[in-house]
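Undergrad: Dumping the structure here so I can ask a few things about it.
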Amino acid sequence: MNTMKKSKDNLLEELELGNKEYSKKNKNIFKKFIKGQSPDIAVLTCSDSRVIPEYIFNKSIGDLFVIRVAGNIALDHSVIKSIEYAVDHLKVNYLIVLGHTNCGAVKASEESEDKNEALLNEIKESFLYDQDNHFRANILRQLDMIPKRSEIIKNKINNKKLMMIGAIYNIKNGMVDFIID
Ligand SMILES: [Zn+2]
């Protein structure tokens, strides 16, 4: 029995149709960005299919430099390097660490007892930052750790070229709460 949710043919047909609509709808926007991009904001967020930064902030092509990884953590080299690229080459002035309620990665960390699982462990480390709200804690730790993991990012912050902002997206109503300390 085929256990796929959709057959490959149906899926490709649906994607092709969707892509045609997208291409048509945005045809006047593409030419603005053929030579390059110059977004003002970088967003580090979760891979969760319910969390779509461009939709959430009503933004479009060229507006946001988005890095998505389960649990929105900047732990490995490729994530840190992606942020550094945005900060150093694209000169973004803001980095939003956008977590969300009901994050599966945070929940898995709460349940996991495996200390060798890097992603879950990184999130688990955050629980000290806010013992009552682990979704918020996970964001607070990233705000703290990202400059410690990157000289480039730390220097940009110290020179007032970059501001990091934490935010939580509520999957129940689509609202974002910015974390102001
Ligand atoms: Zn998540």
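The values are calculated or read from the model by the stated rules, or taken from the named source; none is laboratory data. Since we're looking at a predicted model, the values are computed, not measured. As a convention, Cβ positions derive from the backbone with ideal geometry for all residues, glycine included, and neighbour counts pool all protein chains shown.
Undergrad: Report, by residue number, each residue of the range 51-73 that is aliphatic (A, V, I, L, M) and within 13 Å of the ligand (Cβ to nearest atom).
TA: First, pick out the residues of the range 51-73 that are aliphatic (A, V, I, L, M): 51-52, 56, 61, 64, 66-67, 69-70, 73.
Once the filter is applied, which keeps residues that are aliphatic (A, V, I, L, M) and within 13 Å of the ligand (Cβ to nearest atom), the range 51-73 yields 51, 52, 69, 70, 73.
Undergrad: Starting from the range 1-24, take each residue that is under 29 Å from residue 61 (Cα atoms) and list its partners that are aromatic (Phe, Trp, Tyr) and at pLDDT 90 or above, counting only C-beta distances under 9 angstrom and pairs at least six apart or across chains.
TA: Between residues of the range 1-24 that are under 29 Å from residue 61 (Cα atoms) and residues that are aromatic (Phe, Trp, Tyr) and at pLDDT 90 or above, the close pairs are 23/30.
Undergrad: State the number of residues belonging to the range 25-51 that are in a loop (DSSP other than H, G, I, E, B) and touching a residue at least 24 places away in the same chain (Cβ under 8 Å).
TA: Result for the range 25-51: 9.
Undergrad: Moving to a separate point now. Within the range 149-166, track down each residue that is surrounded by fewer than 19 Cβ atoms within 10 Å (Cβ to Cβ) and either farther than 19 Å from residue 94 by Cβ or among the small types (Gly, Ala, Ser) (or both).
TA: 151
Undergrad: Right, another one. Here are some conditions: (1) under 19 Å from the mean Cα position of the chain (by Cα); (2) surrounded by fewer than 17 Cβ atoms within 10 Å (Cβ to Cβ); (3) of a type in the set (D, E, K, R). Residue 141 meets all but one. Which one does it not meet?
TA: (2)
Undergrad: Right, here's the next one. Identify the residue in the range 82-138 that is of a type in the set (Ser, Thr, Tyr) and closer than 17 Å to residue 67 by Cα and, among all such residues, is nearest to the ligand (Cβ to nearest atom). Give the derivation first.
TA: Going through the range 82-138, the residues of a type in the set (Ser, Thr, Tyr) turn out to be 82, 85, 94, 101, 109, 112, 126, 129.
Going one step further and asking which of them are closer than 17 Å to residue 67 by Cα, we end up with 82, 85, 94.
Details: 82: 18, 85: 23, 94: 21 Å.
So, considering only residues that are of a type in the set (Ser, Thr, Tyr) and closer than 17 Å to residue 67 by Cα, the one nearest to the ligand (Cβ to nearest atom) is 82.
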